[in-house]
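The values are calculated or read from the model by the stated rules, or taken from the named source; none is laboratory data. Worth saying up front: this structure is predicted, and the values here are computed from it rather than measured. No Cβ is skipped: glycine too gets one built from the backbone with ideal geometry, and neighbour counts run over all protein chains shown.
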Amino acid sequence: MNQHTFTGMPHDHGDIHEVLERLPDKEICAITADTFKQLGDGTRLQIFWLLCHSEECVANIAAAVDMTPPAVSHHLRCLKQAGLILGRRIGKEVRYSLAQTEEAVLMHAMVDALLKSKCPTCKT
């Protein structure tokens, strides 16, 4: 959270001192914006949704979204770097799925809600 002390605002719209004390700092906002940015691509959003509901290899993901495996690998790298998915090696194959972090689970719920899709693997 922001560690700055606010002495005054250019315009008086009421006391927002407590709100300003809780204003997230630029670094955490930049990290969060980058996470949202990763889902700003329609194909990446589709891949993310698929991996929220199943564990899949690159070949199966490529077939599901009608792309080449190298193109899918690029999208997977972006999602993995953002901490939204993880890969698990099984023999020569890597299978990808939703990362079990608070951020990834929250993004999963938000994506399902925004896409108006019922999660096929959730109990609710």
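Identify the single condition in (1) assigned to a helix (DSSP H, G or I); (2) free of Cβ contacts under 8 Å to residues at least 40 places away in the same chain; (3) of a type in the set (A, V, I, L, M) that Met9 does not satisfy, given that it satisfies every other one.
Tallying (1) assigned to a helix (DSSP H, G or I); (2) free of Cβ contacts under 8 Å to residues at least 40 places away in the same chain; (3) of a type in the set (A, V, I, L, M), Met9 fails exactly one: (1).
Does the stretch 68-81 include one or more residues that are among the basic types (Lys, Arg), under 19 Å from the mean Cα position of the chain (by Cα) and within 26 Å of Ala33 (Cα to Cα)?
For the stretch 68-81, residues among the basic types (Lys, Arg), under 19 Å from the mean Cα position of the chain (by Cα) and within 26 Å of Ala33 (Cα to Cα): present.
When you go through (1) at pLDDT 95 or above; (2) out of contact with any strand residue (DSSP E or B) (no Cβ under 9 Å at 6 or more places or on another chain) one by one for Gln81, which number turns out not to apply?
For Gln81, the exception is condition (1).
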